[in-house]
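*Asks:* Quick one: the structure is below, questions incoming.
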Amino acid sequence: MALKIFCVSIKVHNKKALQQRGPLLIVANHPDSFFDALVIAANCTYPISFLARGDVFTKPWHNFLLRALNMMPVYRQREGKEHLHKNQNSFDASVAVFKNGGTVLIFIEGICLNKNEIQPFKKGAARILQQAVAAGVTPAVLPAVITYNGFKHFGKKIYLMLGTTVSANQFFNNTAEPENTAIQRNNFNNHVMREMLSLYKEPPSKKYKRPLYLFPIIGIAWFWHAPLFLLIKTFAAYKTKGTVFYDSVLFALLLFAYPIYLLFLFLLLSSIGISNLSSSLIIAAHPLLAIIYTQSKK
């Protein structure tokens, strides 16, 4: 429901690919921070484990929360060479997920730039697959490409293009000589790059037209939601200035604040003498109007 309110449309090509059981490794591009993971996971039938940038795990309560959400840290050289050895723990955990028939999502570029472009790949995905095959597990690999019609606005249009799965043992085997491991990784990355380039679809247009007959409803929807939305929008813009996290933080804040906002609004209405039934109907109308407001931008 939150994505229905936040996004005008999410068009998924080959959605059935996300309905299969694991072991499965989804390799995706990474244009819009952790919002990419939300869009992919929301369209999956089964739970996903995520590989995420390691620097967000530094605080104890961040670490606890992120791991509770099935996230595993991956450290890059820019976050300090002293942390790189910790990646092995996450690679081991990924293999354990595969052994249990699960799904892992990795953003193979290892960087987010708020651009609808496919960036050069890192070696993390290939290393995980090599380790999995060596452990006797052969995950399927699913390439995914996601594009947005904007990274700084509410009511975005999204394309999620999913490719065809291929078995990891087409690239890796557990009898390879050490000198061949780099060749296997390069072959895998080259294959995924070709697949992603073939899947890439230009982002949807930002232009839209709203039907005139919906303007009264749209006006009510805006008036009812403006106090919460403008406050959170301003706060998110301030906290994420100069970063790629605006969309993701805005969505997350709205996701958690909206139910609280509606609860306080219900209490306010009740306190001024409006019946519980009328208050409930007003509260129930809020998300419905919000969806109409967003979907009318098509």
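*Asks:* Can you tell me which residue among P31, P23 is out of contact with any helix residue (DSSP H, G or I) (no Cβ under 9 Å at 6 or more places or on another chain), in the same structural domain as S167 (by TED's automatic domain parsing) and not charged (D, E, K, R)?
*Replies:* P31
*Asks:* Just the residues that are more than 24 Å from K99 (Cα to Cα), at pLDDT 85 or above and within 16 Å of the chain's Cα centre (by Cα), please, taken from the range 39-70.
*Replies:* The answer is V39, and nothing else.
*Asks:* Okay, next question. I need the full set of residues from the range 1-57 which are over 17 Å from V104 (Cα atoms), hydrophobic (A, V, I, L, M, F, W, C) and in contact (Cβ under 8 Å) with a residue 60 or more places away in the chain, in order please.
*Replies:* Selection gives M1, A2, I5, F6, C7, V8, I10, V12.
*Asks:* Restricted to the range 190-222, and to residues that are aromatic (F, W, Y) and in contact (Cβ under 8 Å) with a residue 40 or more places away in the chain, which residue is surrounded by the most Cβ atoms within 10 Å (Cβ to Cβ)?
*Replies:* Filtering the range 190-222 down to residues aromatic (F, W, Y) leaves 200, 208, 213, 215, 222.
The next check asks that each one be in contact (Cβ under 8 Å) with a residue 40 or more places away in the chain; those that pass are 200, 208, 222.
Values: Y200: 17, Y208: 13, W222: 13.
Checking each candidate, the answer is Y200.
*Asks:* Return the total of residues in the range 3-59 being in a loop (DSSP other than H, G, I, E, B), over 18 Å from F251 (Cα atoms) and not basic (K, R).
*Replies:* Taking the range 3-59 first, the residues in a loop (DSSP other than H, G, I, E, B) are 14, 20-23, 29-34, 43-47, 58-59.
The next check asks that each one be over 18 Å from F251 (Cα atoms); those that pass are 14, 20-23, 29, 44-47, 58-59.
Among the residues that remain, those that are also not basic (K, R) are: 14, 20, 22-23, 29, 44-47, 58.
Qualifying residue count, the range 3-59: 10.
*Asks:* Taking into account only those residues within the range 169-183 that are in a helix (DSSP H, G or I), among the polar types (S, T, N, Q) and at pLDDT below 90, which is farthest from F98 (Cα to Cα)?
*Replies:* So the residue we want is N180.
*Asks:* What's the number of the condition P287 fails, among (1) part of a helix (DSSP H, G or I); (2) out of contact with any helix residue (DSSP H, G or I) (no Cβ under 9 Å at 6 or more places or on another chain); (3) touching a residue at least 12 places away in the same chain (Cβ under 8 Å)?
*Replies:* That leaves (2) as the condition not met.
*Asks:* Picking from A144, A125, which residue would you name as being of a type outside the set (D, E, K, R), under 19 Å from N14 (Cβ atoms), in contact with a strand residue (DSSP E or B) (Cβ under 8 Å, 6 or more places away or on another chain) and assigned by TED's automatic domain parsing to the domain that holds N87?
*Replies:* When all the criteria are applied, what remains is A144.
The values are calculated or read from the model by the stated rules, or taken from the named source; none is laboratory data. The model shown is predicted, which means the values in this text are computed figures rather than measured ones. As a convention, Cβ positions derive from the backbone with ideal geometry for all residues, glycine included, and neighbour counts pool all protein chains shown.
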